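What follows is a short report on a single structure.
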Amino acid sequence: MASYNSQAPDEGRWTTGFHDCCEDRNFCLKTCFCPWTTMGEIAEIVSGGATTKQEACCRYSILPSGWRAMYAAKFRRQLRETFKLPEEPHGDCLVHDCCCICALTQEYRELKNRGADPSLGWQGNVEKWSREGIKPPITTRMTRC
């Protein structure tokens with residue numbers, strides 16, 4: 001998978017393009033065949049641990065297409081608000097409805113490029129940031145028991 005961008009990404013700009021799905025072919029294939037898994041990993045990080053990977057994965061997998069796009073758009077919007085990213089190439093719901101693979105892979109790459117590894121889960125990232133002595137790029141929205 002693509003590695004963390006060592007230079008600080010520009011706030012207000014996506015670090016990766018919407019159509020750069022094949023930047024990492026293996027991850028693109030994983031997302032094509034299991035988009036709910038990618039969605040779950042993104043949701044857990046973007047929500048600051050408030051939504052678990054399993055919860056988001058289950059919800060995403062059982063929702064009908066249009067509702068699925070709206071659910072995923074919620075997390076894309078949170079990602080954009082966190083990093084002050086523009087709503088492009090179209091609205092959050094539309095990009096998830098028309099090309100969920102492009103949207104999910106872009107969001108995943110964006111998190112990686114900004115120092116979060118969605119595959120580690122929220123707690124894994126908190127521990128990683130603590131070990132590295134860096135300020136988390138995303139703040140927690142809840143405390144787990």
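Annotations for the structure displayed:
- Applying the criterion of being basic (Lys, Arg) and closer than 26 Å to residue 85 by Cα to the residues of the range 128-145, the residue that is modelled with the lowest pLDDT is 141.
- Residue match in the range 128-145 (condition: among the hydrophobic types (A, V, I, L, M, F, W, C), in contact with an Asp or Glu (Cβ under 9 Å, 6 or more places away or on another chain) and surrounded by fewer than 20 Cβ atoms within 10 Å (Cβ to Cβ)): no
- Residues in the range 24-77 that are outside any helix (DSSP H, G or I) and polar (S, T, N, Q) were compared, and the one that is surrounded by the fewest Cβ atoms within 10 Å (Cβ to Cβ) is 52.
Results for (1) hydroxyl-bearing (Ser, Thr, Tyr); (2) under 19 Å from residue 114 (Cβ atoms), shown as yes or no for each residue.
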{"residue": "10", "(1), (2)": "no, yes"}
{"residue": "22", "(1), (2)": "no, no"}
{"residue": "30", "(1), (2)": "no, no"}
{"residue": "41", "(1), (2)": "no, yes"}
{"residue": "51", "(1), (2)": "yes, yes"}
{"residue": "66", "(1), (2)": "no, no"}
{"residue": "73", "(1), (2)": "no, no"}
{"residue": "76", "(1), (2)": "no, yes"}
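- Residues that are outside any loop (DSSP other than H, G, I, E, B), of a type in the set (Asp, Glu) and surrounded by 15 or more Cβ atoms within 10 Å (Cβ to Cβ), drawn from the range 83-127: 92, 97, 107, 110
- When every residue of the range 36-48 is checked against the conditions, at least one turns out to be in contact with a Ser or Thr (Cβ under 6 Å, 6 or more places away or on another chain), in contact (Cβ under 8 Å) with a residue 24 or more places away in the chain and of a type in the set (Ser, Thr, Tyr).
- Some residue of the range 1-10 being acidic (Asp, Glu), closer than 27 Å to residue 131 by Cα and not in a loop (DSSP other than H, G, I, E, B): no
The values are calculated or read from the model by the stated rules, or taken from the named source; none is laboratory data. Given the structure is predicted, the values throughout are model-derived calculations rather than measurements. Neighbour counts are summed over all protein chains in view; Cβ atoms, including those assigned to glycine, are modelled from backbone coordinates with ideal geometry.
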